[in-house]
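Below is one structure; the comments refer to it alone.
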Amino acid sequence: MGLIHSGFLRSRAAATLNVLGLLLFCSCAAPVEAAEPASRNLDAGWQFRAVANTDRSDVREWHPAQVPGVVQTDLLHSGLIPDPFDRDNEFRLQWIGLADWEYQTAFQLDAASLAHDHADLVFDGLDTLADVYLNDQAILHADNMFRHWRVPAKAMLKPGANTLRIVFHSPVEKMLPYVKSLPYVLPSISTNNYGNEENIATAPYTRKAPYNYGWDWGPRFLTEGIWQPVRLETWDALRIESFHIHQQSITADLANVTAELEIEASRPTTATLTLAHDEMSASQVSDGNHTLQLNAGINRVSFPLRIASPRLWYPVGYGAQNRYRFAASIRIGRDAAARAETRTGLRSVELRRVPDQWGKSFEFVVNGISVFAKGADVIPFDSFPNRATPDIHRNILQSARDAHMNMVREWGGGYYESDDFYDICDELGIMVWQEFMFGGDMVPGDVAFQENVRQEAVDQIKRLRDHPSIVIWCGNNEIETGWHYWGDRQQFKESISADARDRVWQDYVILFADVLKSAVMQYADPVPYTPSSPSANFEEPPDNQHNGDMHYWQVWHAQAPASDYTQQFPRFMSEFGFQSFPEMRTIRTFAKPEDFNIRSTVMQAHQKNKGGNERILTYMLREYREPKDFASFVYLSQVQQAEIIKIGAEHLRRQRPRTMGSLYWQLNDCWPVASWASIDYHGRWKALQYYARRFYDDVLISPFLHGDKVDVYVVSDKLQPLSGTIHMRLLDFSGKVLLDQTKDVQVAAQSSAIYFTVDNVAIAAKADPHQTFLVFDLEVAGKKMSRNLVFFDITHNLELPVAPQIETTLSKTGEDYAITLRSSKLARNVYLSFGDFDVQSSDNYFDLLPAEAITIHMKSAATAEQLRAAMKIVSLTEAFNSN
């Protein structure tokens, strides 16, 4: 082992990069026979059956299984259970997670495969408590859904047929005896979501996706199974365990990185290593020759590289998403022994936390640029992870980018996402706030648990650390704030001794201020770490407005008015949200017409936040008139959600640089449900997603009505200043212009400022506030960049036109459609739908001003005739009860 460095600097040519340090290692030893490691997929031929804790005879027989997969989807594919998402089937399927299940497959091996020095069984993920047997010999006892398991298996393999068998134990039933033996049971979110009949929380003690136990937006399905691929790897002299590009110092002029490899060798040997990236030519290989002596076992080696004038990776909106592909190949003598490659984007990243006039900053700085984070929190894409495909990931993440989002927060109550998720984020320039999988439960403090988590963290960091999109690692979701403020935690603290309370808190500190922080520092440097969200990094209590990030839930949970958002001034808002229903087309996938009532059993089953449907209605009746039917309620719930989050998001953007992040809860759903999502389970945009495309645009005009005035802000995330014009009009609902003003403005780069103020007293003297509204347009170089409207009272009190007549013209250009809409009177929140046809629209839920046409561009596989026949247009007042 050794640290090897060498290199040369070349001048820039038209088609090449400046590169310093392409390394070539050569061996002077006599050639040793070697073969590259080989991998064989073992995902085929599996079958499953129940082996304990169920009296159903049909599931005790063998049935075909899919790997990767989980037992619920295997049961569904075999017709043994109904659709878990249909109606209230969830409640009748809880027995599955309380049973034990056995999986089995057989595979053939020839003598050549067994002739290799090593044959390892590799399990990328077992869910969760599993005993693994090879040819009836126990080889593994797995206890962590998130770990990667490698088992040397050559001694147990044989020529011909081999049997691999895995027994999965119920995560509840297996853990109950242990938990019941403890002096106290840690408080858990899962105790609110039913489960074992004794209602004893086992989730805190089990390294399993927390959302499996149920959440306030998701069902309780305790999955079991082989949820990640299984393979057999054979190798001889050596294999590459990991290959990483450690980014130590990145500037526009020079990238100092280190190629780091972990190499497992069977025995001491010398080897030749070649390191390159995909833009290097043969002439760029240095003439330095070095001999690397490998010892038996794990060898950790590193090689400094310098890349002059690197092409950097930037978040979307700030530059290109350039990436480099690095490759490492090892030879023993003339024989290829192993190879590996990784792809990464070069960028510097900093979480800047420095004292300032408002407390202590919390802002992400990428390549020296302060970035206002615009985005949403992401939950698992399905209750059954094997159904979350790359196409689903791409659809949701592309939708995020289309709405001008530059960050998603990978919430800690699910599972670490698949590689393709992060590849897509890298490609699209979407930063990832990555959390370790702790969703809100306090944690055990025994050494075995801590070591299990440490190894989990090492496995996942090594897998993900070369993704430039990951800009922070976070210890957990809300455990710290829960300990300080949640009612069940206060009750728990009162129920145990002072020494026990101190011990529980100390266990938390050890795990999140030591174990995980150390893992990030050792393996993910220089990506920053924060212990929790929200957190002030233990400097003071979490969830405050001057230090650390903040979650704000008084709007919604406490039924505070949406205007309370404008009284919050956090340094970074990482959660705030409001619920709505998915569209009727999605509701029909799980409900029948007789279920179309917010108080029906089925609608309650698909509302996981207790009292959520009534809360939506309570807020609705404050602002709007009573909806005329269930479909109108669904439509109004989406409009309401969008309008409320708009208030919060625009306020947060107006506060830059004091506030440097707005992540609303949540982007997606794991099943069809009434929730905080802006995109439903089927990938259909709610009103909020269309609104986000407007309020997260890089340039935003944002009038703020408060007291007797309207302060007119312009917010710009652009890196260059803008010269523009603000056009303000006072209109009545029929389009009559009562006031018309313009003002030229110079908008600074990356800024938020008030450019003028409107006196409401003067406005009131000109018009009835219940029959008029203000329109603000920001125009740059003759192009409208942003528009916003101001109404002077709640919608309930406005004398809006009833059912305004909207004229439409549908045309087709190439493969796309365009629909032009026009109304003689104001039509608010115009919603276009097309029955069961999939239509991708450039906008929806928009305000149609009197006599001003709007053209919406659409993509659909349907014909023009089909779209015309299916098209339905709804505006706000059409949803109201006429009484």
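Points worth noting:
- The overall shape of the range 495-555 is oblate: from the C-alpha gyration tensor, with semi-axes ordered a ≥ b ≥ c, the ratio a/c is 1.5 or greater and a/b is no larger than b/c.
- Whole-percent carbon and sulfur share, accessible surface of the range 393-434, 1.4 Å: 40
- Once the chain from R454 to D88 is taken as fully extended at 0.36 nm per residue, the excess over their C-alpha distance is 127.9 nm.
- Relative to the Cα centre, the charge distribution of the range 308-435, modelled as +1 at Lys and Arg Cβ and -1 at Asp and Glu Cβ, gives a dipole magnitude of about 540 debye.
- Ranking K374, K766 from most to least accessible surface, computed with a 1.4 Å probe over the protein chains only, gives K766, K374.
- Considering only the chain, percent of DSSP beta bridges that pair antiparallel, nearest 5: 85
- Average Cα contact separation per residue, the chain, under 8 Å, 6 or more apart, as relative contact order %: 10
- Value of [θ]222 nm, deg cm²/dmol, for the chain, DSSP H segments ≥ 4, -39500 (n - 2.57) each, nearest 500: -5500 deg cm²/dmol
- Distant-in-sequence amide H partners of F572 (H built 1.01 Å from N, under 5 Å): M550, M660
- Surface per residue (accessible, 1.4 Å probe) for the chain, Å²: 38
- Measuring r between the beta carbons of N322 and S563 and using R0 = 41 Å, the FRET efficiency lands at 0.40.
- Taking 7 Å steps out from each Cα toward its Cβ at R463 and A764 produces label points 6.1 nm apart.
- Extension gain for Q491 to E799 (0.36 nm times residue separation, less C-alpha to C-alpha distance): 105.9 nm.
- In terms of packing, defined here as the mean over residues of other Cβ atoms within 10 angstrom, the peptides 431-440, 110-119 line up highest first as 431-440, 110-119.
- Residue among H770, W46, N162 farthest towards the positive dipole end of the chain, charges placed on Cβ: H770
- A112-M521 FRET efficiency (beta carbon distance; Förster radius 56 Å; 0.05 resolution): 0.80
- Computed label-point distance, nm, for sites I510 and D356 using a 7 Å Cα→Cβ extension: 3.8
- Gain upon complete extension [A864, E626; 0.36 nm per residue less C-alpha separation]: 82.2 nm
- Ranking G814, A862, S752 by Cα position along the charge dipole of the range 729-878, where only Lys, Arg, Asp and Glu carry charges on their C-beta atoms, puts G814 farthest toward the positive end.
- Its Cα centre serving as origin, the chain has a Cβ charge dipole (Lys and Arg +1, Asp and Glu -1) of approximately 1500 debye.
- Highest average packing first - 819-828, 644-653, Cβ atoms within 10 Å: 644-653, 819-828
- Scanning the chain for DSSP H helices at least 24 Å long along the axis (C-alpha atoms) with a Kyte-Doolittle mean no lower than -1.0 picks out 447-464, 630-654.
- Inter-site label distance for N199 and Q554 at 7 Å from Cα along Cβ, in nm: 3.1
- Packing-based ranking of 617-623, 323-329, 699-705 yields 699-705, 323-329, 617-623, ordered from highest to lowest mean Cβ neighbour count within 10 Å.
- The spacing between the range 644-719 and the range 487-544, judged by their C-alpha centroids, is 30 Å.
- In this calculation the C-beta distance from Y184 to W95 is compared with R0 = 30 Å, giving a FRET efficiency of 0.55.
- For volume of the Cα convex hull per residue in Å³, the value calculated from this model appears in (1) 251; (2) 178; (3) 189 under label (3).
- Positive dipole terminus of the chain, leading residue within S875, V132, W101 (C-beta point charges): S875
The values are calculated or read from the model by the stated rules, or taken from the named source; none is laboratory data. What you are looking at is a predicted structure, and each value in this text was computed from that prediction instead of being measured. Positions of Cβ are backbone-derived with ideal geometry, glycine not excepted, and every protein chain shown enters the neighbour counts. Please note that ligands, DNA and RNA were not included when accessible areas were found on the heavy atoms of the full protein model with its side chains. Shrake-Rupley method; radii C 1.70, N 1.55, O 1.52, S 1.80 Å.
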